[in-house]
1. Every residue in the stretch 61-87 that is farther than 19 Å from S2 by Cα, of a type outside the set (D, E, K, R) and crowded, with 18+ Cβ neighbours inside 10 Å, please.
2. Which of the residues spanning the stretch 1-35 are open to solvent by less than 30 Å² (accessible area, probe 1.4 Å) and either on the phi > 0 side of the Ramachandran plot or in a strand (DSSP E or B) (or both)?
3. Counting only residues that are farther than 15 Å from S8 by Cα, among the charged types (D, E, K, R) and either part of a loop (DSSP other than H, G, I, E, B) or touching a strand residue (DSSP E or B) at 6+ places or on another chain (Cβ under 9 Å) (or both), how many does the stretch 41-83 have?
4. Which residue out of N90, N125, N118, N132 is open to solvent by 70 Å² or more (accessible area, probe 1.4 Å) and either of a type in the set (D, E) or at pLDDT 95 or above (or both)?
5. Which pairs have Cβ atoms under 6 Å, sit 6 or more apart or on different chains, and link a residue in the stretch 35-48 that is without any contact (Cβ under 8 Å) to a residue 40 or more places away in the chain to one that is open to solvent by 30 Å² or more (accessible area, probe 1.4 Å) and among the hydrophobic types (A, V, I, L, M, F, W, C)?
Amino acid sequence: MSLVERTSKKIMSDAIISLAKKEEVSCTDIQLLMQFKGVNPIVYGMKKYDVVKPYTYKELYPVLIDLLNVRDMIPMFIGNLLVDEAQKENQSPDKIKIVVSTNKDDGSIVYPHLYNGNKILRQLNWDEVFGNKALMSIMAKQ
């Protein structure tokens, strides 16, 4: 498991747990939505699939020193996947979404799912989003 993959899973889990506490609901009622807004991929916190909060990447990963630039890599990985999947679906990238959720009350395990609008396409594995598979896709384009 790559550093970005491991760190991203932890970041997403922590965000779900934090938002669940703030909203006073179970972690299973919270989701994270990742989609393009303009030219940048944005992350939103959702409660029961309704957006309640936009996140900056600094809010998601509030470290003082990000020696390995994980915070800067997260939007690059998300954006690359959204563009790739949009091409496969013959859609514009702003129609494709990643939703991260959990079926654990404590939010300890999180799962990414791919959507085209409101239609679920499939569950992703973390390697597709932030792992070596995703990195190879990014590198192939350069």
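The values are calculated or read from the model by the stated rules, or taken from the named source; none is laboratory data. Being a predicted model, the structure only gives us computed values, none of them experimental. Methodologically, a virtual Cβ is constructed for each residue, glycine included, from the backbone with ideal geometry; neighbour enumeration extends over all protein chains shown. Surface accessibility is based on the protein's heavy atoms, side chains included, excluding ligands, DNA and RNA. Shrake-Rupley method; radii C 1.70, N 1.55, O 1.52, S 1.80 Å.
1. L82
2. If the condition is that a residue be open to solvent by less than 30 Å² (accessible area, probe 1.4 Å) and either on the phi > 0 side of the Ramachandran plot or in a strand (DSSP E or B) (or both), then I30, Q31, L32, L33, M34 are the ones that fit.
3. The total comes to 3.
4. N90
5. Y44/V51; G45/V52
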